[in-house]
Amino acid sequence: MSKHVAIVGATGAVGDELLRILAERDFPVASLRPLASARSAGKTVTFKGESVTVEELTKDSFTGIDIAFFSAGGSISKALAAPAVESGAVVIDNTSHFRMKDGIPLVVPEVNPEATHKHMGLIANPNCSTIIMAVPVWPLFKAFRLKRIAVSTYQAVSGAGAAGLEELERQTRQHVAGEPITKEKFAYPVVHNVFSHDSAVDPDTGRNVEEQKMIDETAKIFATDKLGVSATCIRVPVPRTHCESINLEFAEAVTPEQVREVLAAAPGIKIVDDRAANHFPMPTEASNQDDVLVGRIRQDSSRPDGRGIDLFVAGDQIRKGAATNAVQIAELL
(Lines give C-alpha, C1' and ligand atoms only; values in the text may rest on other atoms or scores of the structure.)
Protein backbone atom coordinates (compact mmCIF):
# COMPACT_ATOMS: atom_id res chain seq x y z
CA MET A 1 0.00 0.00 0.00
CA SER A 2 3.01 2.32 0.15
CA LYS A 3 2.88 5.23 -2.27
CA HIS A 4 5.48 7.20 -4.18
CA VAL A 5 4.73 10.82 -3.25
CA ALA A 6 5.70 14.14 -4.80
CA ILE A 7 5.22 17.55 -3.22
CA VAL A 8 5.15 20.50 -5.61
CA GLY A 9 6.11 23.60 -3.66
CA ALA A 10 7.95 21.58 -1.03
CA THR A 11 9.88 24.59 0.30
CA GLY A 12 6.77 26.71 0.91
CA ALA A 13 4.65 27.00 4.05
CA VAL A 14 2.06 24.43 2.97
CA GLY A 15 4.73 22.14 1.54
CA ASP A 16 6.57 22.18 4.85
CA GLU A 17 3.34 21.39 6.67
CA LEU A 18 2.56 18.54 4.26
CA LEU A 19 5.88 16.93 5.12
CA ARG A 20 5.15 17.23 8.82
CA ILE A 21 1.60 15.87 8.56
CA LEU A 22 2.54 12.95 6.32
CA ALA A 23 5.00 11.94 9.02
CA GLU A 24 2.61 12.60 11.93
CA ARG A 25 -0.17 10.53 10.39
CA ASP A 26 2.27 7.82 9.30
CA PHE A 27 1.13 7.99 5.70
CA PRO A 28 2.64 5.03 3.80
CA VAL A 29 5.35 6.84 1.82
CA ALA A 30 7.49 4.48 -0.23
CA SER A 31 9.53 7.37 -1.62
CA LEU A 32 9.37 11.16 -1.42
CA ARG A 33 10.15 13.59 -4.23
CA PRO A 34 10.20 17.23 -3.06
CA LEU A 35 9.84 19.58 -6.04
CA ALA A 36 10.32 23.33 -6.33
CA SER A 37 11.61 26.04 -8.66
CA ALA A 38 15.13 26.00 -10.08
CA ARG A 39 16.33 28.47 -7.45
CA SER A 40 15.27 26.08 -4.66
CA ALA A 41 16.61 22.91 -6.32
CA GLY A 42 19.45 21.42 -4.31
CA LYS A 43 18.11 22.58 -0.97
CA THR A 44 16.97 19.96 1.50
CA VAL A 45 13.76 19.33 3.40
CA THR A 46 13.35 17.10 6.44
CA PHE A 47 11.04 14.11 6.43
CA LYS A 48 10.91 11.73 9.39
CA GLY A 49 14.23 13.02 10.64
CA GLU A 50 16.05 12.58 7.34
CA SER A 51 17.17 15.18 4.81
CA VAL A 52 15.75 14.85 1.30
CA THR A 53 17.10 16.89 -1.60
CA VAL A 54 14.70 19.18 -3.43
CA GLU A 55 14.53 18.59 -7.19
CA GLU A 56 13.74 21.12 -9.89
CA LEU A 57 10.11 20.97 -10.98
CA THR A 58 9.56 20.11 -14.65
CA LYS A 59 6.86 18.35 -16.65
CA ASP A 60 8.98 15.20 -16.42
CA SER A 61 9.13 15.20 -12.62
CA PHE A 62 6.27 12.74 -12.07
CA THR A 63 7.50 9.47 -13.53
CA GLY A 64 6.76 6.71 -11.03
CA ILE A 65 4.75 9.00 -8.74
CA ASP A 66 1.45 7.74 -7.29
CA ILE A 67 0.24 10.90 -5.49
CA ALA A 68 1.32 14.47 -6.22
CA PHE A 69 0.43 17.28 -3.85
CA PHE A 70 0.43 20.67 -5.62
CA SER A 71 0.91 23.79 -3.46
CA ALA A 72 2.89 26.18 -5.64
CA GLY A 73 0.28 28.53 -7.08
CA GLY A 74 -2.44 28.30 -9.70
CA SER A 75 -0.18 28.96 -12.68
CA ILE A 76 2.01 25.98 -11.77
CA SER A 77 -1.01 23.74 -11.34
CA LYS A 78 -2.44 24.92 -14.65
CA ALA A 79 0.79 24.10 -16.44
CA LEU A 80 1.88 20.87 -14.76
CA ALA A 81 -1.12 19.06 -13.25
CA ALA A 82 -1.99 17.49 -16.61
CA PRO A 83 1.54 16.11 -17.20
CA ALA A 84 1.48 14.67 -13.68
CA VAL A 85 -1.83 12.91 -14.33
CA GLU A 86 -0.58 11.67 -17.70
CA SER A 87 2.40 10.15 -15.86
CA GLY A 88 -0.01 8.13 -13.72
CA ALA A 89 -0.16 10.27 -10.59
CA VAL A 90 -3.30 11.37 -8.79
CA VAL A 91 -2.97 15.12 -8.25
CA ILE A 92 -4.32 16.71 -5.06
CA ASP A 93 -4.28 20.40 -5.87
CA ASN A 94 -4.27 23.03 -3.14
CA THR A 95 -4.67 26.02 -5.46
CA SER A 96 -7.89 27.60 -6.66
CA HIS A 97 -7.31 26.75 -10.31
CA PHE A 98 -9.38 23.55 -10.55
CA ARG A 99 -11.86 23.97 -7.69
CA MET A 100 -14.87 25.04 -9.69
CA LYS A 101 -14.13 22.99 -12.83
CA ASP A 102 -16.88 20.55 -13.75
CA GLY A 103 -15.95 16.92 -13.17
CA ILE A 104 -13.19 17.68 -10.66
CA PRO A 105 -14.09 16.72 -7.08
CA LEU A 106 -13.80 19.43 -4.43
CA VAL A 107 -13.39 17.54 -1.19
CA VAL A 108 -13.60 18.07 2.55
CA PRO A 109 -13.29 14.52 3.94
CA GLU A 110 -15.68 15.17 6.84
CA VAL A 111 -18.31 16.38 4.35
CA ASN A 112 -18.13 14.59 1.00
CA PRO A 113 -15.56 11.76 1.16
CA GLU A 114 -17.44 9.81 -1.52
CA ALA A 115 -16.52 12.51 -4.07
CA THR A 116 -12.87 11.49 -3.79
CA HIS A 117 -13.50 8.29 -5.70
CA LYS A 118 -15.10 10.09 -8.64
CA HIS A 119 -11.82 11.63 -9.70
CA MET A 120 -10.25 11.38 -13.14
CA GLY A 121 -6.74 11.87 -11.83
CA LEU A 122 -7.24 15.23 -10.15
CA ILE A 123 -8.88 16.28 -6.86
CA ALA A 124 -9.15 19.88 -5.65
CA ASN A 125 -8.57 21.01 -2.08
CA PRO A 126 -10.99 23.82 -1.13
CA ASN A 127 -10.14 27.28 0.08
CA CYS A 128 -9.02 27.39 3.71
CA SER A 129 -11.90 29.60 4.89
CA THR A 130 -14.41 27.36 3.16
CA ILE A 131 -12.99 24.24 4.82
CA ILE A 132 -13.00 25.78 8.30
CA MET A 133 -16.64 26.79 7.88
CA ALA A 134 -17.77 23.58 6.18
CA VAL A 135 -16.56 21.22 8.92
CA PRO A 136 -18.92 22.52 11.64
CA VAL A 137 -21.76 23.65 9.36
CA TRP A 138 -22.13 20.36 7.45
CA PRO A 139 -23.42 18.22 10.36
CA LEU A 140 -25.96 20.96 11.13
CA PHE A 141 -26.94 21.09 7.47
CA LYS A 142 -27.61 17.35 7.62
CA ALA A 143 -29.43 17.37 10.96
CA PHE A 144 -31.67 20.36 10.39
CA ARG A 145 -33.09 22.25 7.43
CA LEU A 146 -30.43 24.92 7.00
CA LYS A 147 -31.47 27.80 4.76
CA ARG A 148 -28.76 30.45 5.05
CA ILE A 149 -25.23 31.11 6.28
CA ALA A 150 -23.86 34.57 7.10
CA VAL A 151 -20.16 34.37 7.88
CA SER A 152 -17.51 36.93 8.78
CA THR A 153 -13.90 35.78 8.75
CA TYR A 154 -10.91 36.99 10.74
CA GLN A 155 -8.03 35.72 8.64
CA ALA A 156 -4.41 35.36 9.77
CA VAL A 157 -1.65 37.00 7.75
CA SER A 158 0.09 33.68 7.07
CA GLY A 159 -2.90 32.86 4.88
CA ALA A 160 -1.13 35.14 2.40
CA GLY A 161 2.02 33.02 2.61
CA ALA A 162 5.36 33.52 4.29
CA ALA A 163 5.50 37.11 3.03
CA GLY A 164 2.38 37.96 5.01
CA LEU A 165 3.84 36.58 8.21
CA GLU A 166 7.14 38.38 7.62
CA GLU A 167 5.24 41.64 7.10
CA LEU A 168 3.47 41.35 10.45
CA GLU A 169 6.72 40.50 12.24
CA ARG A 170 8.62 43.36 10.57
CA GLN A 171 5.89 45.93 11.21
CA THR A 172 5.61 44.83 14.85
CA ARG A 173 9.34 45.46 15.32
CA GLN A 174 9.03 48.80 13.56
CA HIS A 175 6.11 49.84 15.75
CA VAL A 176 7.93 48.92 18.97
CA ALA A 177 11.02 50.81 17.82
CA GLY A 178 9.00 53.86 16.82
CA GLU A 179 10.09 53.51 13.20
CA PRO A 180 7.99 54.21 10.09
CA ILE A 181 5.82 51.25 9.07
CA THR A 182 6.86 49.85 5.68
CA LYS A 183 4.42 47.94 3.46
CA GLU A 184 5.36 45.27 0.93
CA LYS A 185 2.87 42.40 0.88
CA PHE A 186 -0.31 44.24 1.85
CA ALA A 187 -1.68 47.60 0.72
CA TYR A 188 -2.30 48.69 4.32
CA PRO A 189 -0.42 48.31 7.60
CA VAL A 190 -1.08 44.96 9.27
CA VAL A 191 0.10 45.84 12.75
CA HIS A 192 -2.66 47.39 14.89
CA ASN A 193 -5.06 47.24 11.95
CA VAL A 194 -7.74 45.17 10.23
CA PHE A 195 -8.82 45.52 6.60
CA SER A 196 -10.82 43.83 3.89
CA HIS A 197 -9.25 40.66 2.52
CA ASP A 198 -6.47 41.48 0.09
CA SER A 199 -8.08 39.82 -2.94
CA ALA A 200 -9.60 41.74 -5.83
CA VAL A 201 -13.06 43.23 -5.39
CA ASP A 202 -15.67 42.73 -8.10
CA PRO A 203 -16.89 46.23 -9.03
CA ASP A 204 -20.38 44.95 -9.75
CA THR A 205 -21.07 42.71 -6.73
CA GLY A 206 -18.76 44.39 -4.20
CA ARG A 207 -17.54 40.94 -3.15
CA ASN A 208 -13.86 40.13 -3.04
CA VAL A 209 -12.45 36.89 -4.45
CA GLU A 210 -12.21 35.22 -1.05
CA GLU A 211 -15.87 35.88 -0.34
CA GLN A 212 -16.92 34.56 -3.73
CA LYS A 213 -14.88 31.41 -3.15
CA MET A 214 -16.77 30.70 0.07
CA ILE A 215 -20.09 31.11 -1.73
CA ASP A 216 -19.25 29.03 -4.80
CA GLU A 217 -17.22 26.30 -3.10
CA THR A 218 -19.79 25.69 -0.37
CA ALA A 219 -22.46 25.10 -3.00
CA LYS A 220 -20.24 22.57 -4.79
CA ILE A 221 -19.09 20.73 -1.66
CA PHE A 222 -22.59 20.55 -0.15
CA ALA A 223 -24.03 19.68 -3.60
CA THR A 224 -26.82 22.22 -3.36
CA ASP A 225 -27.78 25.50 -4.98
CA LYS A 226 -30.51 26.16 -2.41
CA LEU A 227 -28.30 27.26 0.50
CA GLY A 228 -27.76 31.02 0.77
CA VAL A 229 -24.25 32.12 1.75
CA SER A 230 -23.19 35.67 2.59
CA ALA A 231 -19.50 36.16 3.39
CA THR A 232 -17.38 39.07 4.63
CA CYS A 233 -13.66 38.29 4.70
CA ILE A 234 -11.26 40.40 6.76
CA ARG A 235 -7.51 40.26 7.36
CA VAL A 236 -6.42 40.61 11.02
CA PRO A 237 -2.96 40.98 12.66
CA VAL A 238 -2.74 37.35 13.80
CA PRO A 239 0.16 35.13 12.70
CA ARG A 240 -1.69 31.86 12.25
CA THR A 241 -5.23 30.40 12.32
CA HIS A 242 -8.43 31.84 10.86
CA CYS A 243 -11.50 32.58 12.98
CA GLU A 244 -15.05 32.88 11.72
CA SER A 245 -18.27 34.25 13.15
CA ILE A 246 -21.10 32.17 11.68
CA ASN A 247 -24.81 32.96 11.80
CA LEU A 248 -27.12 30.16 10.68
CA GLU A 249 -30.77 30.42 9.67
CA PHE A 250 -32.87 27.26 9.75
CA ALA A 251 -36.31 26.46 8.38
CA GLU A 252 -37.41 25.33 11.84
CA ALA A 253 -36.63 26.18 15.46
CA VAL A 254 -33.28 24.81 16.67
CA THR A 255 -31.84 25.15 20.18
CA PRO A 256 -28.21 25.61 21.21
CA GLU A 257 -28.48 22.33 23.09
CA GLN A 258 -29.46 20.50 19.89
CA VAL A 259 -26.60 22.13 18.02
CA ARG A 260 -24.10 21.22 20.71
CA GLU A 261 -25.25 17.60 20.70
CA VAL A 262 -24.85 17.31 16.93
CA LEU A 263 -21.44 18.98 16.88
CA ALA A 264 -20.15 16.87 19.79
CA ALA A 265 -20.72 13.74 17.69
CA ALA A 266 -19.27 15.14 14.46
CA PRO A 267 -15.73 14.41 13.21
CA GLY A 268 -13.06 17.08 13.02
CA ILE A 269 -14.62 19.29 15.71
CA LYS A 270 -13.67 20.18 19.27
CA ILE A 271 -16.21 22.13 21.30
CA VAL A 272 -14.67 24.99 23.29
CA ASP A 273 -17.68 26.67 24.84
CA ASP A 274 -17.20 27.56 28.51
CA ARG A 275 -19.50 30.48 29.28
CA ALA A 276 -18.59 30.63 32.96
CA ALA A 277 -14.89 31.09 32.20
CA ASN A 278 -15.51 33.17 29.05
CA HIS A 279 -13.35 30.61 27.25
CA PHE A 280 -14.08 30.15 23.56
CA PRO A 281 -12.14 29.34 20.34
CA MET A 282 -9.04 31.44 19.75
CA PRO A 283 -6.04 31.24 17.41
CA THR A 284 -3.50 30.52 20.13
CA GLU A 285 -5.31 27.28 20.98
CA ALA A 286 -6.36 26.24 17.47
CA SER A 287 -2.90 26.69 15.93
CA ASN A 288 -1.14 23.42 15.10
CA GLN A 289 -4.40 21.52 15.65
CA ASP A 290 -6.35 19.60 13.02
CA ASP A 291 -9.74 19.99 14.69
CA VAL A 292 -11.88 23.07 14.15
CA LEU A 293 -12.68 24.61 17.53
CA VAL A 294 -16.34 25.61 17.92
CA GLY A 295 -17.89 27.79 20.61
CA ARG A 296 -20.13 30.80 21.36
CA ILE A 297 -23.03 28.45 20.57
CA ARG A 298 -26.08 30.58 21.23
CA GLN A 299 -29.52 31.53 20.01
CA ASP A 300 -29.74 34.39 17.53
CA SER A 301 -31.63 36.99 19.56
CA SER A 302 -32.89 38.69 16.40
CA ARG A 303 -34.96 35.58 15.60
CA PRO A 304 -37.66 35.18 18.29
CA ASP A 305 -38.94 32.17 16.35
CA GLY A 306 -35.82 30.23 17.40
CA ARG A 307 -34.64 29.62 13.84
CA GLY A 308 -31.28 31.35 14.22
CA ILE A 309 -28.02 30.08 15.77
CA ASP A 310 -24.68 31.87 16.23
CA LEU A 311 -21.27 30.16 16.36
CA PHE A 312 -17.65 31.25 16.59
CA VAL A 313 -14.96 28.94 15.23
CA ALA A 314 -11.19 28.83 14.90
CA GLY A 315 -9.19 26.59 12.57
CA ASP A 316 -5.56 26.35 11.57
CA GLN A 317 -5.64 27.43 7.94
CA ILE A 318 -2.25 25.87 7.14
CA ARG A 319 -3.15 22.49 8.64
CA LYS A 320 -6.87 21.71 8.30
CA GLY A 321 -7.34 24.59 5.89
CA ALA A 322 -4.71 23.20 3.52
CA ALA A 323 -2.17 20.48 4.30
CA THR A 324 -4.14 18.20 6.64
CA ASN A 325 -7.19 18.26 4.38
CA ALA A 326 -4.97 17.27 1.43
CA VAL A 327 -3.40 14.38 3.35
CA GLN A 328 -6.85 13.21 4.47
CA ILE A 329 -7.86 13.10 0.79
CA ALA A 330 -4.78 10.99 0.07
CA GLU A 331 -5.77 8.66 2.92
CA LEU A 332 -9.21 8.24 1.34
CA LEU A 333 -7.51 7.30 -1.93
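Could you please state how large a percent of the accessible area of the chain is carbon and sulfur, counting protein chains only and using a 1.4 Å probe? Its accessible area is 50 percent carbon and sulfur atoms.
With Rh defined as the Kirkwood radius, the inverse of the mean 1/r over Cα pairs, the Rg/Rh of segment 101-241 is 1.05.
Against the empirical 2.2 N^0.38 Å (N residues), segment 1-89 has a Cα radius of gyration ratio of 0.99.
With all protein chains kept in place, the per residue accessible area of the chain amounts to 44 square angstrom at a probe of 1.4 angstrom. Counted over all Cα-Cα pairs of segment 229-299, pairs farther apart than 16 Å make up 57 percent. Near the amide H of Asp300, within less than 5 Å, lie the amide hydrogens of Gly308, Ile309, Asp310, all on another chain or at least 5 residues away, with H placed in the peptide plane. P(r) tail for the chain: Cα pairs beyond 39 Å make up 14% of the total. Please identify the trypsin sites (Lys or Arg not before Pro) of segment 225-333 that satisfy two criteria: DSSP loop assignment and at most 11 other Cβ atoms within 10 Å. Which are they? Passing sites in segment 225-333 are Lys226, Arg275. Compared with the dominant principal axis of the Cα atoms in the chain, helix 128-143 is inclined by about 50°.
If I take all pairs of Cα atoms in segment 53-154, what percentage of them are more than 23 Å from each other? So the portion of pairs separated by more than 23 Å is 35 percent. For segment 68-142 and segment 249-306, compute the distance between their C-alpha centroids and round to whole Å. Cα centroid to Cα centroid, the span is 27 Å.
A viscosity of 1.306 mPa s and a temperature of 10 °C, combined with the Kirkwood radius over Cα pairs in Stokes-Einstein, give a translational diffusion coefficient for segment 61-109 of 144 µm²/s. Place a point 7 Å from the Cα of Asp216 along the Cα-to-Cβ direction; which residues of segment 48-69 have their backbone N under 13 Å from it? Under cut-off, by backbone N: nothing. Compute the helix-to-body angle for 162-177: its Cα long axis versus the longest principal axis of the chain, expressed 0 to 90° and rounded to tens. Helix 162-177 sits roughly 70 degrees off the main axis of the chain. From the helices alone, meaning DSSP H stretches of at least four residues, give me the mean residue ellipticity at 222 nm for the chain, per-run term -39500 (n - 2.57), in deg cm²/dmol to the nearest 500. When only DSSP H runs of four or more count, the value is -8500 deg cm²/dmol. Compared with the dominant principal axis of the Cα atoms in the chain, helix 13-24 is inclined by about 90°.
Ligands, DNA and RNA aside, Asp202 has an accessible area near 60 Å² when probed at 1.4 Å. The label-point distance for Leu333 and Thr182, in a model that sets each label 7 Å from Cα toward Cβ, rounds to 4.2 nm.
Under the combined filter of DSSP loop state and at most 12 neighbouring Cβ atoms within 10 Å, segment 172-213 retains these GluC sites (Glu not before Pro): Glu184.
Given a Förster radius of 25 Å and the C-beta distance between Lys78 and Arg39 as r, what FRET efficiency does 1/(1 + (r/R0)^6) yield to the nearest 0.05? Once rounded, the FRET efficiency stands at 0.75. Relative contact order of the chain: 18 percent, from C-alpha pairs under 8 Å at least 6 residues apart in sequence.
The values are calculated or read from the model by the stated rules, or taken from the named source; none is laboratory data. No experiment lies behind these values; they were computed from the predicted model shown. For neighbour counting, all protein chains shown are included, and Cβ atoms are generated from backbone atoms with ideal geometry for every residue, glycine included. These area figures cover heavy atoms from the full protein model, side chains too; ligands, DNA and RNA do not enter into them. Shrake-Rupley method; radii C 1.70, N 1.55, O 1.52, S 1.80 Å.
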